[in-house]
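Reading through the C-alpha cells given below for one structure.
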Amino acid sequence: MSQLSSFPRPLGTDVPGTCQVPHFAPVRVRGGRYQLRRLVRYRRRAVAAGLAVTAAALVAAGPRDVAARGAGPPRPVVDSVRERRPVEMVTAPVRIADGATVRLLRPGDRVDVVAAGQSAAGDARVVARGVRVTKVPESPDSVSEGGALVVLSVPRRTAARLAGAGVTSRLAVTLC
C-alpha cells in the first residue's frame with residue numbers, strides 16, 4: 001500500500017465537501033451623502049451641471065405658439081432700430097486763417113472747424129465737428145498771410161457748409 005500512496009490522487013478528490021451559504025439581507029450602499037459631498041468638493045462641475053439643467057428646462061418651457069394664446073404675433077426686435085445708410089465721405093480742402101495752427105496738425109487728427117464772423121459782434125459758429133485731417137500740404141505758398149490749406153475728410157453735406165463758410169468768414173480749427 002505504500003506504493004498506492006505515492007501516486008497522485010484523481011482530480012477533484014482533494015476538494016472539501018460543499019456546504020450551504022446562509023441567507024442574508026442584501027447590502028445597501030449609502031452613496032447619497034457621498035455624492036453630495038463630492039459635488040460640493042467639485043464646485044465647477046456642480047455649477048456647470050446646474051447651468052445645463054437650467055438651460056434645458058428653459059428650452060423645454062420656452063415660448064410656444066404665441067398666436068394660439070391670443071397675445072398676438074411676436075414683434076421683431078429690428079423694428080425699433082432705424083436702418084442707417086453709410087455716409088458718403090469726401091475730401092474737402094479748407095483754408096484756415098492761422099497758418100501756424102495748421103503746422104500743428106498731422107494726418108489722422110480730429111478737429112472742429114469754427115467759422116468766425118466778420119461782424120463787430122464777433123459771432124463764431126462750429127461748422128464741422130470731429131472731422132479727420134487727411135492731409136496737410138507742405139508747400140511754401142500754402143502758409144501765407146491768407147492762411148494755410150488743410151484737407152479734411154467730411155460728409156458731403158458738411159463739405160458744402162465748409163465751402164460756404166470759407167467764402168463768408170475766416171475759418172479756424174480746434175483739436176479734439
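Some observations on this one:
- Cβ-defined net charge surrounding residue 125, 13 Å radius [Lys, Arg +1; Asp, Glu -1]: +1
- Mean Cβ neighbour count within 10 Å, used as a protection proxy, ranking 123-131, 165-173 highest first: 165-173, 123-131
- Surrounding net charge for residue 112, when Lys and Arg each add one and Asp and Glu each subtract one, Cβ distance under 12 Å: +3
- Summed residue charge, Cβ within 10 Å of residue 89's Cβ, Lys/Arg positive, Asp/Glu negative: +1
Since every read-out is calculated from the coordinates, none of them should be taken as a lab result. Everything numeric here is computed off the predicted structure, so don't read it as measured data. Because the Cβ atoms are built from the backbone with ideal geometry, glycine has one as well, and the counts that use them run over all protein chains shown.
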